[in-house]
Every structure is written in structure tokens, then in C-alpha cells.
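To start, the structure itself, in C-alpha cells.
The values are calculated or read from the model by the stated rules, or taken from the named source; none is laboratory data. For clarity, every value in this text was computed on a predicted model and none was experimentally measured. Every residue, glycine among them, receives a Cβ derived from its backbone with ideal geometry; neighbour counts consider all protein chains shown. SASA here: full protein model, heavy atoms, side chains in, ligands and nucleic acids out. Shrake-Rupley method; radii C 1.70, N 1.55, O 1.52, S 1.80 Å.
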Amino acid sequence: MSFLSFAGRSTVRRLQQTVQRNISRQHQARYESSKPPPNSATPASRWAALQRTIPGPAWAWIEPLAAPMRAYGNMQKRRPLLVQLESTLVIYFLGDLSAQTMQTGAFAEGPYEPSRGLRALVIAATISIPSYKYFLFLGNHFNYSSHLVSIAVKVLVNQTFFTPLFNTYFFGMQSLLSGATLAEAKRRVVDTVPISWKNSWKVWPLVTAFSFTFIPPQNRSVFAGVIAIFWQTYLSWLNKNAEAMEKERLGEPKEADTRADKVTKFVQAAQT
């Protein structure tokens, strides 16, 4: 009797397992039949797939830049000061290299000057972190209920205080690192800072307003860095012109007259 009951329970158990497997197979078949083919995506799904953006504003969708921008953003989150220092060194080096390329006609009229590049790197390493902290401070302060008022105040503060102080530091250090005396460094500052400050109003108010309106804080240094390459090119070019003017004023041997004429034209163009 016990043997028959055991055999009966075993048969019922196998029957239940068979029924459960059949039900599972039917559910799996219905699920597979309901899935759309791989190449038959709906227009809505295709549009959603296109909405991939890199970190930054909504217009920054250029796919080839997505990976490096994400990598830069991740590094900046982990080591913000180190990334800022490295970025500043690259920006100043490229700015000086661009200025030397322009002034020598792609090095056709003179060789590359490593000492100028080294001075640019020293200046960059010194100002990098203070500049980074300043722009964080500017982003966290002067925020009012009106966005336009906030941007106007930030631009005014930046142009009134930071720009002349930074330009004084830049041109003064350029002069001192090249072996000039304090009096000569002062003369360099007087020759260059007013012109550079005047011309900065043509560039940086718009850059500052755009950055604080559309660019997230973690990406503002990238955006400003691209603009700064061109600005550093201009500052390096202006500094070299002032240096040429000082040599001419002191009666030191100078380059050919055609070269001096070019310097004069460049200075006159900068003053306009």
C-alpha cells in the first residue's frame, strides 16, 4: 500500500513539472512574438536615441566630442585643482606658440623662442589655482532674482577688478622673468595694460555672460579655455610688441627696419 501511494505521488509530481514547463514555454513564445524586429524601431524610439548629449548645454550634441568631454568632466570631478593646473598650462603654451607663429610668419622670419614658452608656463602655473578659485567665487556670488542683473554685475566686477589685476600680473611677470628691472616692468605695464583692458571689453563681457547663462560650472573652464587660447595669443603678441618698443626706446640693436615697421603697425592696430 505504501509503495503504491509513493508511486502515485511521484507520478503527480512529474505531471505538475511537465505542465509548468509547457506553460513557461507558451509565455516565452508570446513574449518573443510581441518584440519588434531589430530594424523596425518606431519614429519615437529613433528620436529618443538621437537625444544623446554631452555634458554641457543642449546645443552641444556633437558626438565625436562626447567621449573626451565626459572624460574631462570625470577627471575634473575627481581632481579639480590638478585638472585646472594642467588645462591652464596647455592654454598658455598654445597661446604663446600661436603668438610666436604669427609674429615670425610660421617661423619663416625667426626661430621658435623656448624661453618665451617657458615664461608662459611659469605664469600659468602661478595664476592657475587663484584664477580658478576666483571664478568659483564669482559664480557663487552676485546672484539676484533677475538673471540680467546678476550677469551685468558679474561682468562689471570681472572687468573692473579681475581683468586689470590679471593683465598687470601677466605683463609684469613677463618683463621680470625676461630679466627686466622693476622700473622696466612698470613701464611694460603702463604700455600694455590700458590697451589690453580696453580691448578686453570687446571679448570677455560677452564670454562671461554666455558662460554664466548656458555653461554648467564644471564645464566653464573648458569653454573659457578655448577662448583663452586666442586671448593669450593676443596678450603674448602685445607683450612682444611692447618689448620691441622698449628696445627701440633704449637704443638697443633691433631687427631690420621692415620688422620694426610691422611692430609699429601692430601696436597702432591694437590701439584702435
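For the range 73-141, report the accessible area per residue in Å² (1.4 Å probe, heavy atoms, rounded to an integer).
Details: 3700 Å² over 69 residues.
Averaged over the residues of the range 73-141, the accessible area is 54 Å².
Using a 1.4 angstrom probe and counting only protein chains, how large is the accessible area of LEU94 in Å², to 10?
70
Out of the range 86-146, which chymotrypsin sites (Phe, Trp or Tyr not before Pro) are coil in DSSP terms and have no more than 16 other C-beta atoms within 10 Å?
Values: sites: TYR92, PHE93, PHE107, TYR112, TYR132, TYR134, PHE135, PHE137, PHE142, TYR144; in loops: PHE107, TYR112, PHE142, TYR144.
Here the sparse-neighbourhood loop sites are PHE107, TYR112, TYR144.
How much accessible surface does ILE195 have with a 1.4 Å probe, in Å² rounded to 10?
Estimated to the nearest 10 Å², ILE195 gives 30 Å².
Ignoring ligands, DNA and RNA, how do LEU165, LEU238, LEU121 rank by accessible area with a 1.4 Å probe, largest first? Before the final figure, lay out the partial values.
Values: LEU165 125, LEU238 5, LEU121 60 Å².
In descending accessible area the options line up as LEU165, LEU121, LEU238.
Dipole size in debye (nearest 20) for the range 84-242 around its Cα centre, Lys and Arg Cβ +1, Asp and Glu Cβ -1? Numbers along the way, then the final one.
Details: 11 positive and 6 negative charges, 69 e Å.
Dipole size: approximately 340 debye.
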